[in-house]
Every structure is written in structure tokens, then in C-alpha cells.
1. Quickly work out the residue 137-to-residue 297 label distance, labels modelled 7 Å from Cα along the C-beta direction, and quote it in nm with one decimal.
2. Would you mind checking the tilt of helix 48-59 against the longest principal axis of the Cα atoms of the chain, expressed as 0 to 90 degrees and rounded to 10?
3. As an exercise, find the ratio Rg/Rh for the chain from alpha-carbon atoms, using the Kirkwood inverse-distance average for Rh.
4. Distance check, please: which entries in 38/236; 211/308; 38/308; 236/296; 122/313 exceed 27 angstrom between their Cα atoms?
5. Name the residue farthest towards the positive end of the dipole of the chain from the options 163, 131, 64, assuming +1 on Cβ of Lys and Arg, -1 on Cβ of Asp and Glu, about the Cα centre.
6. Quick one: angle between helix 250-261 and the longest Cα principal axis of the chain, in degrees between 0 and 90, rounded to 10, please.
7. Roughly speaking, what is the stretch gain from residue 92 to residue 122, that is 0.36 nm per residue apart minus the C-alpha to C-alpha distance, in nm to one decimal?
8. Relative to the longest principal axis of the C-alpha atoms of the chain, give the angle of the C-alpha long axis of helix 31-42, reported between 0 and 90° and rounded to the nearest 10°.
Amino acid sequence: MSLVQSERGTYDDLHALVERFFSATFATDNPIITEAIKRMLAAGGKRLRPRITLLATDACGGNAPEQLHLAAYMELIHVATLVHDDVVDNAQTRRGVNATAVDYGNRVSVLAGDYLFAWIFKNVTNGYPHPIPHVLSATLADICDGEVLQLQAMGSLDLPLETYVEIARKKTASLFAASAQCGAIIGGGSEREIEALREFGECFGVAFQMKDDLLDITSDERSLGKPAANDLTERKTTLPLIAALAAEDADFRAEAARFYAADGNDGIPAIVRAIEQHGGLEATRAQIRSFAQRAKAALEPIRPGAAKKELEKITDALAG
């Protein structure tokens with residue numbers, strides 16, 4: 001965690017600033033929903049979306065600590081999508097604790113996610129100028145569209161890379177792009193700066209999703225805070241598999257087809273080994289580096305300073 005330097009002096013550590021805001025300020029009008037969401041927030045998270053919002057604000061000359069509400073809404077949109085995702089995926093854990101649906105049931109969880117979206121947009125519409133409410137409403141539409149596209153692609157071994165990237169752009173990168181764009185808007189950025197930061201967020205978000213897909217099959221449950229190899233368990237088609245299938249090995253394709261057609265998960269270790277042997281992991285790392293480089297290149301119009309350096313630093317961390 002780092003300090004953000006600016007002409008206004010030293011800011012508090014952004015992660016701690018956001019955490020204190022959530023613990024001291026966040027509350028809805030419904031105590032059950034507040035409790036469920038606070039429980040999810042207390043489980044942790046990287047808080048990259050609010051951090052990017054505040055860094056974009058600072059990069060455009062705005063006062064980042066004054067925009068904690070806006071930054072918090074970005075994280076809360078993310079949390080609401082996670083609550084819904086866990087219902088859709090029948091997930092048991094999230095961030096190392098029970099998924100919200102496990103403790104509160106599917107009906108309360110769906111309603112909590114819906115309520116949180118409505119609560120966020122009520123506050124955004126009341127408190128922020130055009131085009132911020134439009135950006136966030138369009139982002140939510142993209143997220144839902146991306147999730148449906150992913151469901152439609154479930155189990156497909158013929159998913160083109162371009163379609164995978166489109167799914168990643170919508171369901172994950174769109175909120176990173178909105179976080180950066182809205183931060184730039186509220187920070188008083190020029191049209192060029194706002195577009196540059198939006199492009200940064202989108203490329204960063206695609207790289208982030210690719211990294212998440214990679215970690216899903218290379219990390220363990222303790223590190224992930226959720227079951228490892230969960231994408232394979234759910235028969236999702238992610239980049240490591242797409243990249244491995246690109247090697248056009250007939251035996252591997254047949255092995256993958258058998259696994260995806262089966263009900264059990266005994267074949268996961270063999271599929272993971274085969275993905276690595278056919279270059280899927282290294283090809284995924286190369287794609288992450290490529291999108292990370294595109295994210296950093298998008299920052300070219302942004303004035304030099306600590307905020308820009310921090311954006312570059314968190315991007316390098318993805319590619320590392």
C-alpha cells in the first residue's frame with residue numbers, strides 16, 4: 001500500500017482511507033441488507049476499483065479524499081455483483097468466508113443485491129452531475145450482458161479469443177473503466193484525460209480478468225478465498241483453456257471434451273496439467289502483459305505525478 005503525493009500534501013493510504021469510510025459511514029435504510037453487505041466488505045478485497053477512482057481524480061487535479069463516496073459506490077457495485085454471482089454459481093465461499101447466500105439464503109441475497117444497486121443509483125443520481133449517472137447505468141447493463149454471454153458460452157470448446165475478450169470487457173473491465181472515467185470527470189479532467197483514463201481502466205480490467213482466470217487454476221483455495229479451479233468445476237471457458245486448445249492437439253481437445261461433458265470433477269488435475277503442457281498458462285501470461293502494456297500506454301496524456309506512477313505500479317503488479 002502506498003501514499004499518494006500531490007501539491008496538496010500527503011494523502012492517507014488509499015486502502016485504509018476507503019476501509020475507514022466503509023466501517024464508519026456505510027449504511028442503508030435496511031438493517032438486514034446493511035449487515036449482509038458489511039459482512040462481505042469486512043471479508044476484505046483489494047479495493048482496486050475505489051483506488052482507481054481516487055487516483056484518477058488526483059491525476060486530473062481533483063481532491064481525491066473529497067470523493068470517497070463516489071469511490072465507495074464503485075466498490076459497492078462490485079460487491080452487489082458478487083452477491084448475485086454467488087447465487088447464480090451456487091458458490092459456498094467468497095473471500096474466505098461463507099457466501100452471502102449461505103448465511104442469508106438465495107432470496108435475501110438476490111434482494112440485497114437488487115436493493116444495493118437501487119440504493120447506489122439513488123445516491124449517485126442525487127449527488128453527481130451528468131454524465132456520471134449515465135456512465136454507471138451503462139456499466140451495469142454491460143456487466144449483466146457480459147454475465148449472460150458467459151453463461152451462453154458455458155462448456156464451449158470453440159469460444160473465439162475475441163468473444164472471450166468481449167465477455168471480459170463487459171463483465172469485469174467495464175467497471176474498472178467506469179471507476180477511472182468517473183474519477184477523472186469529478187476531478188475536472190479534460191476530454192482527452194477522461195478518455196485516456198477510461199481506456200486505461202478497460203485495458204487494466206481485461207488484464208485483471210485474465211489474471212483471475214490464470215490464478216483460478218494455478219493458486220489454492222486459501223490464497224483465492226474461494227475454491228480453486230472453480231472455473232473448470234463450473235465448466236466455464238476461460239483464456240488458459242482457449243490458449244491451450246489453440247495448439248490444435250486432437251488428443252487434448254478430446255480429453256477436454258470428455259471432461260466438459262462429464263458430471264464429476266476428478267479430471268481437473270489432468271486438465272490443468274494438459275493446459276500447462278500445451279502452453280495455455282504461458283500464453284495467458286503473454287496476453288496479460290499485452291493488455292497491461294496497453295493500459296500503461298493509455299496513460300500517455302496524463303500529467304506526470306504520483307497518481308500516474310501509482311496507476312502504472314498497480315498495472316505492473318498484474319503483469320508480474
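FYI, it's all coordinate maths here, none of it is from the lab. Here the structure is a predicted model, which means the values were calculated and not measured. All Cβ positions, even for glycine, are placed from backbone atoms using ideal geometry, and neighbour counts span all protein chains on display.
1. Between residue 297 and residue 137, the label points sit 3.5 nm apart.
2. 40
3. Computed over Cα atoms, the ratio is 0.97.
4. Numbers: 38/236 29 Å; 211/308 22 Å; 38/308 31 Å; 236/296 29 Å; 122/313 34 Å.
Exceeds cut-off: 38/236; 38/308; 236/296; 122/313.
5. Of the listed residues, the answer is 64.
6. Helix 250-261 sits roughly 70 degrees off the main axis of the chain.
7. 7.7 nm
8. Helix 31-42 and the main axis of the chain meet at about 70 degrees.
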